[in-house]
Amino acid sequence: MEVREGAVTIEVPEARHGASEGSGDGVFYNPVQELNRDITEAVLRTVADDCETYLDAMTASGIRAVRAADAGYAVTGCDVDSDAVGLARSNLEQNGFDGEVHHRNVNAHMHEHRHDVVDLDPFGTPIPFADAAFRSGREYVCVTATDTAPLCGAHFESGVRSYGAVPRNTEFHAEMGLRVLLSALVRTAARYDVAATPVLSHVSSHYVRTYLRVDGGARAADARIGDLGYVDHCQRCLWREAERTLIADPTTTCPNCGQSTWTAGPLWLGPAHDAAFVERVAANVTESFGTAAKARDLLATIAGELDEPTHYDQHRLYKRWGEPNIAMDDFLDLLREVGFEASRTHYGGTTFKTDADVTEIADAVR
Ligand SMILES: [Zn+2]
């Protein structure tokens, strides 16, 4: 069957009967990831002055490679499945693009070849490909993770094993997942004296997506390590505290309500995006994108998010207080009126970030 995405049309196998998102049966082409691919193309157009070559590390149908070629890149694909290799080659050719598609283990390829942009879009965890990706990527490494349950602490042991960090199933679970993933990626890059800096990240439809700029140098890598640390969290009153350190010194009792607390980490506590970069990406979202309106909304919200390592859910707070919630804009205005910063977040319609702590929030809005 033919699929049109952005300005390209590709051939993909008919979805297997009963195949659904999360089952792994839709690996050749996952329609749920169109937003992810639209934003990727906008990012590629944004960094085109610095980047010429692109590796679609999990090629499958070749949709990412074809769209990168349409954005002007010299593209390379890799897949261990010979049907996928044939399909990707054919899709590039049908759209009038050159490009190499190797029938090969992509880790072996990445250890031998460098590309300006390396894109990891696996089913499940990207960690088995992360080491090679940071050896291969010259300018940017883009990473999707679909294993959100391990990342956000819902599958605790699996998260600890895969990511070398302790995740906790908090009410800001989507951001927990993002910051566990970023922590693992930053530490992986640092092993090769590479500084990985997230310039855009989002959590949408049960996947985490992040774009990291890579810079060489031990000192720069040390600086990224300095943005790792721990978050102590109270499940009862939603108090939390973040500390940049690799030697955890947790606060075990909530200073606000006396409940014993949870500690997660090491997490990435630095910025998950660069607002100026995100605005440039939004300007490169074109009308040919099927998700153009959604992508622009998402990017505008991300660009406006405060640089805070966790977020709150307004409804959770009011439930805890036993009071009806109020309109989000009014709520944020109340915080700003008493001098705090406050922003919406892309994690949900009732989520927000602020520099106020949980007691200060209550004093400001109740
Ligand atoms: Zn508490």
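The values are calculated or read from the model by the stated rules, or taken from the named source; none is laboratory data. All figures in this text were calculated on a predicted structure; none of them were measured in a lab. Reconstructed Cβ throughout: ideal geometry from the backbone, glycine too, with neighbour counts over all protein chains shown.
Observations, loosely collected:
- Test result for residue 144, part of a loop (DSSP other than H, G, I, E, B), touching a helix residue (DSSP H, G or I) at 6+ places or on another chain (Cβ under 8 Å) and among the β-branched types (Val, Ile, Thr): no
- Just so you know, in region 2-21 the residues that are under 24 Å from the mean Cα position of the chain (by Cα) and surrounded by 15 or more Cβ atoms within 10 Å (Cβ to Cβ) include one that is modelled with the lowest pLDDT, and it is 21.
- Flag for residue 185 being crowded, with 24+ Cβ neighbours inside 10 Å, aliphatic (A, V, I, L, M), touching a residue at least 12 places away in the same chain (Cβ under 8 Å) and in contact with a Pro (Cβ under 9 Å, 6 or more places away or on another chain): yes
- Pairs, first loosely packed, with under 15 Cβ neighbours inside 10 Å in region 346-363, second in a helix (DSSP H, G or I) and not hydroxyl-bearing (Ser, Thr, Tyr), C-beta under 8 Å, six or more apart: 349/328
- Flag if residue 219 is more than 16 Å from the ligand (Cβ to nearest atom) and touching a residue at least 40 places away in the same chain (Cβ under 8 Å): no
- Of all residues in region 254-292 being within 16 Å of the ligand (Cβ to nearest atom) and hydrophobic (A, V, I, L, M, F, W, C), the one that is surrounded by the fewest Cβ atoms within 10 Å (Cβ to Cβ): 257
- Looking across region 328-339, the residues that are crowded, with 17+ Cβ neighbours inside 10 Å and within 20 Å of residue 303 (Cβ to Cβ) come down to 332, 335.
- Residue that is among the charged types (D, E, K, R) and more than 23 Å from residue 348 (Cβ to Cβ), where the choices are 296, 280: 280
- Scanning region 127-158 for residues that are of a type in the set (Gly, Ala, Ser), farther than 16 Å from residue 209 by Cβ and in contact with a strand residue (DSSP E or B) (Cβ under 8 Å, 6 or more places away or on another chain) gives 136, 153.
- Residues satisfying the stated conditions in region 293-302, i.e. crowded, with 19+ Cβ neighbours inside 10 Å and closer than 20 Å to residue 3 by Cα: 295
- Scanning region 198-221 for residues that are out of contact with any helix residue (DSSP H, G or I) (no Cβ under 8 Å at 6 or more places or on another chain) and at pLDDT 95 or above, we see that the one that is surrounded by the most Cβ atoms within 10 Å (Cβ to Cβ) is 213.
- Looking across 200, 181, one residue alone is under 20 Å from the mean Cα position of the chain (by Cα), away from the ligand (no atom under 16 Å from the Cβ) and part of a helix (DSSP H, G or I). It is 181.
- Helices (runs of 4 or more DSSP H) within region 31-103 that include 2 or more residues of a type in the set (A, V, I, L, M, F, W, C) and farther than 22 Å from residue 116 by Cα: 82-94
- Long-range neighbours under 9 Å by Cβ, at least six apart or interchain, first residue modelled with pLDDT of 95 or more within region 156-179, second of a type in the set (D, E, K, R) and in a loop (DSSP other than H, G, I, E, B): 156/168; 158/147; 159/147; 162/147; 176/168; 177/147
- When region 230-253 is filtered for residues that are within 14 Å of the ligand (Cβ to nearest atom), surrounded by 17 or more Cβ atoms within 10 Å (Cβ to Cβ) and not in a loop (DSSP other than H, G, I, E, B), the ones remaining, listed by number, are 231, 232, 233, 240, 241.
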